[in-house]
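J.: I have a structure here, written as structure tokens, and I will follow up with some questions on it.
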Amino acid sequence: MTARSLAAHLARAWRAAGTSVLFGVPGGGANLDVVGAVEQEGLRFVLAHDETAAAIMAGAHGLLTGTVGAAVVTRGPGVTAAATGLAQATLDRSPLVLVSDAVPRATAERVAHQRLDQVAATRPLATWSGTLGTRDPAAVAGAAVDLARRGPGGVHLQLDPTAEGDPPPRLDPVPDLDGAALARARRLARGARRPVVLVGPAGVDAPGLDRLAAAGTPVLCTYQAKGAVPDEQSAGLFTGGVLERPLLAEADLILALGVDPVEPIPSAWTYDAPVVVLHPQPVDGRWFGAPEIVVGPLAQSLPPLLDDLDPRWEPGAAAAHRRRTLAALEPAGAGFSPHDVVRASMEHAAPATTLSVDAGAHMLVAMPLWEARAPRRVLISNGLATMGFALPAAIGAALARPGEPVVCFVGDGGLGMTLAELETVVRLELDVTVVVFDDAALSLIEIKQTEGQGAAGAVRYGAVDFAAVARGTGMPADTVASRDELRAVLAGATRGPRLVDARIDPSCYAAVLAATRG
């Protein structure tokens, strides 16, 4: 058995799953065999600058294409550098198979260079980690790809042609509908007059969401489910914060569809209404207190519950709640606010635009203000909350949806982590507009900073001319300091790579955080 033959089994497994692009930073040897094998199978290889960025690109691409993301890195520092990308896929439920080589077992006793127990190191970060060796490599590769897609989540495989390797990971059967739990849920739902529906990423395709919204039932979407009901028809966002409290306090039933407890902020559940959780997979519902959990396909569990509901909300209750929440986030000052940046960007965005949003204070403005018309048109890391997510995710999205524009919202801190990937956007000639919310600080952390937690040097950077850096990679770029300047730049923009360095006034962030999270 050779590394090349192992790589061929893996490439065929990816191709069978519909994967079309491999992302990575190769380091020679067996991981280059993976690049060669996927190209022989007709897949494209995209070279990234950073291993975690490559994993994020791959996970976003797999999520948006309904396939499995593919990433390859070298052993040792390649694996450790990719760790955040692997954890992001696992906690944000993105389908990813991350592949590395390893110090061959046949020489490991005498070779200490780059020798790490990579399986042990990545196992806590992945849904499964193992070695692809001589033992039935086709079955192991196929099962690893299936597991990443079914999870969905991150899987790590290290190639070692001198080792027997691991058996295929176990794939649990798809759960059947729990009829007894559904019967109990229906008794709770029967006659509910003020139900509130929460939608998570596993519920965005649930049948009947449009029917719920049309009937006036308030529907709140988590960050990762934004757009499951078009924002203009929804009641807004569900985050576990304070903005949704008045609406949930009025509810006589809270119905959570595909909501993953990894998303809400770690707050207490204080509502009296019974909670019914519908989820296609077994899920830990303790964040909701003691909910009734119905496991099984939502196409089977949701329609009977909808028949039992008798919503009698006041006409326009959902829209009124959304208006109140947006009003609570409005800035008090007159400076160039993050709100101005979001609204101007949205005004000039095409209907088919995909938005990626980085972790940071700007997301508290961007997520409620940006209007999503369909699911999976807004990408955000809301399980791991990963800074440095937005730009690699934008690259994955642009390759997943060729010909459609992508807007990337990122803070100066997150862009500083991924600056080199601007060159990737230029090299691939992607239609990606990078908008930097530039205030030279880790603003969300600065708001949380208290006495005894360091001075300004702990959270503030020196000024960076991001437009000049972008132009150094060949990317057209502008610096703006007002809403009118931003509108003029966006109005004159053409398709292709572009960066806008928006020098914002961050003074509203503290009030936005208080309104959002209390």
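The values are calculated or read from the model by the stated rules, or taken from the named source; none is laboratory data. Computed from a predicted structure; not experimentally measured. Neighbour counts are summed over all protein chains in view; Cβ atoms, including those assigned to glycine, are modelled from backbone coordinates with ideal geometry.
J.: Can you find, within segment 487-514, the residue that is surrounded by the fewest Cβ atoms within 10 Å (Cβ to Cβ) among those that are free of Cβ contacts under 8 Å to residues at least 40 places away in the same chain and farther than 18 Å from L444 by Cβ?
T.: T494
J.: If you check A37, A58, A82, which single one turns out to be in contact with a Lys or Arg (Cβ under 8 Å, 6 or more places away or on another chain) and surrounded by 20 or more Cβ atoms within 10 Å (Cβ to Cβ)?
T.: A37
J.: Being surrounded by fewer than 21 Cβ atoms within 10 Å (Cβ to Cβ) and polar (S, T, N, Q) is the filter here; which residues of segment 1-19 pass it?
T.: Matches in segment 1-19: T2, S5.
J.: Which of the following residues is assigned to a helix (DSSP H, G or I) and in contact (Cβ under 8 Å) with a residue 24 or more places away in the chain: R187, R149?
T.: R149
J.: Could I ask something else about it? Quick test of your reading of the structure: R517 fulfils all but one of (1) surrounded by fewer than 20 Cβ atoms within 10 Å (Cβ to Cβ); (2) more than 21 Å from L442 (Cβ to Cβ); (3) within 25 Å of the chain's Cα centre (by Cα). Name the failing condition by number.
T.: Condition (2) is where R517 drops out.
J.: Of all residues in segment 243-269, how many are buried (at least 16 other Cβ atoms within 10 Å of the Cβ) and touching a helix residue (DSSP H, G or I) at 6+ places or on another chain (Cβ under 9 Å)?
T.: 15
J.: Sticking with this one: Does segment 457-470 contain any residue that is closer than 30 Å to P266 by Cβ, assigned to a helix (DSSP H, G or I) and touching a residue at least 60 places away in the same chain (Cβ under 8 Å)?
T.: No; the residues of segment 457-470 include none that is closer than 30 Å to P266 by Cβ, assigned to a helix (DSSP H, G or I) and touching a residue at least 60 places away in the same chain (Cβ under 8 Å).
J.: Identify, please: which residue in segment 93-117 is buried (at least 24 other Cβ atoms within 10 Å of the Cβ) and more than 20 Å from the chain's Cα centre (by Cα) and is, among those, nearest to W14 (Cα to Cα)?
T.: V99
J.: Conditions: (1) assigned to a helix (DSSP H, G or I); (2) among the acidic types (D, E); (3) surrounded by 14 or more Cβ atoms within 10 Å (Cβ to Cβ). D307 meets all but one. Number of the miss?
T.: (3)
J.: Moving to a separate point now. Anything in segment 391-437 that is outside any helix (DSSP H, G or I) and among the basic types (K, R)? List them, or say none.
T.: Passing the criteria: only R401.
J.: Looking at segment 170-190, can you tell me whether even one residue there is surrounded by 24 or more Cβ atoms within 10 Å (Cβ to Cβ) and touching an Asp or Glu at 6+ places or on another chain (Cβ under 6 Å)?
T.: Scanning segment 170-190, I find at least one residue that is surrounded by 24 or more Cβ atoms within 10 Å (Cβ to Cβ) and touching an Asp or Glu at 6+ places or on another chain (Cβ under 6 Å), so the answer is yes.
J.: Which is of a type in the set (A, V, I, L, M), in contact with a helix residue (DSSP H, G or I) (Cβ under 9 Å, 6 or more places away or on another chain) and over 26 Å from M417 (Cα atoms), of A102, A126?
T.: Being of a type in the set (A, V, I, L, M), in contact with a helix residue (DSSP H, G or I) (Cβ under 9 Å, 6 or more places away or on another chain) and over 26 Å from M417 (Cα atoms) holds for just one of A102, A126, which is A102.
J.: Report yes if G153 is touching an Asp or Glu at 6+ places or on another chain (Cβ under 8 Å) and of a type outside the set (S, T, N, Q), otherwise no.
T.: No: the conditions fail for G153.
J.: Taking interchain pairs and intrachain pairs at least six residues apart, which have beta carbon atoms under 9 angstrom, with the first residue in segment 268-294 and without any contact (Cβ under 8 Å) to a residue 40 or more places away in the chain and within 13 Å of L255 (Cβ to Cβ) and the second assigned to a helix (DSSP H, G or I) and of a type in the set (K, R)?
T.: Once the first residue is without any contact (Cβ under 8 Å) to a residue 40 or more places away in the chain and within 13 Å of L255 (Cβ to Cβ) and sits in segment 268-294, its partners that are assigned to a helix (DSSP H, G or I) and of a type in the set (K, R) give Y271/R245.
J.: Ok, one more. Taking the stated definitions as given, is L444 in contact (Cβ under 8 Å) with a residue 60 or more places away in the chain, not in a loop (DSSP other than H, G, I, E, B) and not polar (S, T, N, Q)?
T.: Yes: the conditions hold for L444.
J.: Follow-up. Name the residues in segment 445-478 that are among the aromatic types (F, W, Y) and either over 29 Å from the mean Cα position of the chain (by Cα) or surrounded by fewer than 15 Cβ atoms within 10 Å (Cβ to Cβ) (or both), would you?
T.: Selection gives Y461 alone.
J.: Something else now. Report whether or not P169 is in the same structural domain as G316 (by TED's automatic domain parsing) and in contact with a Ser or Thr (Cβ under 9 Å, 6 or more places away or on another chain).
T.: Here the answer is no, as P169 does not meet what is asked.
J.: Out of L22, L32, report the one residue that is modelled with pLDDT under 95 and surrounded by 18 or more Cβ atoms within 10 Å (Cβ to Cβ).
T.: None of the others qualify; the one that does is L32.
J.: Is there a residue in segment 368-390 that is assigned to a helix (DSSP H, G or I) and either surrounded by fewer than 16 Cβ atoms within 10 Å (Cβ to Cβ) or among the β-branched types (V, I, T) (or both)?
T.: no
J.: Something else about it: Looking only at segment 475-496, count how many residues are at pLDDT 95 or above, under 22 Å from A394 (Cβ atoms) and not small (G, A, S).
T.: Looking only at that region, the number is 9.
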